Amino acid sequence: MKLFVFHTPELIPDHATADCAIAIDVLRATTTMATALSAGAEAVQVFSDLEKLLNESSNWEPQKRIRAGERGGSKVDGFDFGNSPLDCTPDQVGGKRLFISTTNGTRALQSIQAAPTVLAAALINRRAIVQYLLQTRPETIWMVASGWEGSFSLEDTVCAGAIADLLQKESGESLIDLTGNDELVGAVALYHQWKDDLLGLFRYASHGQRLLRLNLLEDMRYCAQLDILDVLPIQREPGVLVSNHNRVAAPVS
């Protein structure tokens, strides 16, 4: 296995693809997706465009859908949810499809949706991601950080480092053997520096500061937790993620 980190979707190679591509948006899209699926959502369908989300979700009965829209950290007017994982309780999302569009995370997922295997990772489901990689052992693994509007983000990079660190320990392979690019080494170093205070790191992150201004500290606390959910969001069809335990196609409506 060779691991590569790309700090934004714009940096992924346009002449190649990975055997397994992992989208990371810790604050907060992939954290929300993992939480929704763990809470019993039927699937998560991602959109970069809000109008396309509204058009597609209109084919579903209102009681079987949730429309989640976020821009700049805030909920979009007229949508059921913004992008808070704390909204994704079993009574709210159980049996429903979450149609979601966010500032950065959904764009990252769409940039890698052609890969044979596409996963959504956050700190909260890191171990589930690593266990899947150990079971399937893809030759090339891309970890694609969402960043913030095309720029580097601390929280996504530290998550990539956390995944690589656990994979190295569980596989018994050396970090040098797993390393596909220099960014991977930097991500692991960042995780080693901050692994005992991930929330503290989020306070330095530009998007963390943005969320603090929006009074979303509790969201940040939740997103900073490691390995609390045993859920693997995996792409069943382009743009549609399900739990790894629920890969059989579900009814459309």
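Which of the residues belonging to segment 55-80 are in contact with an Asp or Glu (Cβ under 9 Å, 6 or more places away or on another chain), part of a loop (DSSP other than H, G, I, E, B) and open to solvent by less than 50 Å² (accessible area, probe 1.4 Å)?
Scanning segment 55-80 gives 76, 79.
Inspect segment 155-164 for any residue being hydrophobic (A, V, I, L, M, F, W, C) and at pLDDT below 95 and give the result as yes or no.
no
Somewhere in segment 176-194, is a residue farther than 28 Å from residue 137 by Cα and aromatic (Phe, Trp, Tyr)?
Applying the first criterion (farther than 28 Å from residue 137 by Cα) to segment 176-194 yields none.
Within segment 176-194, none of the residues are farther than 28 Å from residue 137 by Cα and aromatic (Phe, Trp, Tyr).
For the subset of segment 1-38 comprising residues that are charged (D, E, K, R) and in contact (Cβ under 8 Å) with a residue 12 or more places away in the chain, which member is nearest to residue 121 (Cα to Cα)?
Among those that are charged (D, E, K, R) and in contact (Cβ under 8 Å) with a residue 12 or more places away in the chain, it is 25.
When segment 174-193 is examined, which residues are found to be within 16 Å of residue 154 (Cβ to Cβ) and among the acidic types (Asp, Glu)?
Matches in segment 174-193: 183 only.
Which one of these does residue 149 not meet: (1) out of contact with any Leu (no Cβ under 9 Å at 6 or more places or on another chain); (2) modelled with pLDDT of 95 or more; (3) more than 23 Å from residue 230 (Cβ to Cβ)?
Condition (2) is where residue 149 drops out.
Restrict the check to segment 28-39 and report whether at least one residue is under 14 Å from residue 111 (Cα atoms) and out of contact with any Lys or Arg (no Cβ under 6 Å at 6 or more places or on another chain).
No, that holds for no residue.
In segment 85-109, which residues are at pLDDT 95 or above, assigned to a loop (DSSP other than H, G, I, E, B) and surrounded by 19 or more Cβ atoms within 10 Å (Cβ to Cβ)?
Once the filter is applied, which keeps residues that are at pLDDT 95 or above, assigned to a loop (DSSP other than H, G, I, E, B) and surrounded by 19 or more Cβ atoms within 10 Å (Cβ to Cβ), segment 85-109 yields 88, 96.
Take the residues in segment 169-201 that are assigned to a helix (DSSP H, G or I) and of a type in the set (Ser, Thr, Tyr), then tell me which one is farthest from residue 147 (Cα to Cα). Before you say what the answer is, go through the steps one by one.
Let us first name the residues in segment 169-201 that are assigned to a helix (DSSP H, G or I), namely 169-171, 175-178, 182-194, 198-201.
Restricting the remaining residues to those that are of a type in the set (Ser, Thr, Tyr) gives 171, 191.
Details: 171: 28, 191: 16 Å.
Here the residue is 171.
Considering only segment 1-54, give the strands (runs of 3 or more DSSP E) lying wholly within it that have at least 1 residues that are closer than 10 Å to residue 142 by Cα, aromatic (Phe, Trp, Tyr) and open to solvent by less than 30 Å² (accessible area, probe 1.4 Å).
2-6
Let's see how each residue does on (1) farther than 16 Å from residue 73 by Cα; (2) crowded, with 21+ Cβ neighbours inside 10 Å; (3) polar (S, T, N, Q):
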{"position": "194", "(1), (2), (3)": "yes, no, no"}
{"position": "201", "(1), (2), (3)": "yes, no, no"}
{"position": "205", "(1), (2), (3)": "no, yes, no"}
{"position": "219", "(1), (2), (3)": "no, yes, no"}
{"position": "233", "(1), (2), (3)": "yes, yes, no"}
{"position": "244", "(1), (2), (3)": "yes, no, yes"}
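Quick check on my filter: what residues within segment 132-145 are assigned to a helix (DSSP H, G or I) and either open to solvent by less than 10 Å² (accessible area, probe 1.4 Å) or touching a residue at least 12 places away in the same chain (Cβ under 8 Å) (or both)?
Hits for segment 132-145 are 132, 133, 134, 136.
The values are calculated or read from the model by the stated rules, or taken from the named source; none is laboratory data. Everything quoted here is computed from the prediction, not taken from an experiment. Glycine gets a Cβ as well: all are built from the backbone with ideal geometry, and neighbour counts include every protein chain shown. Ligands, DNA and RNA are excluded from the accessible area calculation, which covers all protein heavy atoms including side chains. Shrake-Rupley method; radii C 1.70, N 1.55, O 1.52, S 1.80 Å.
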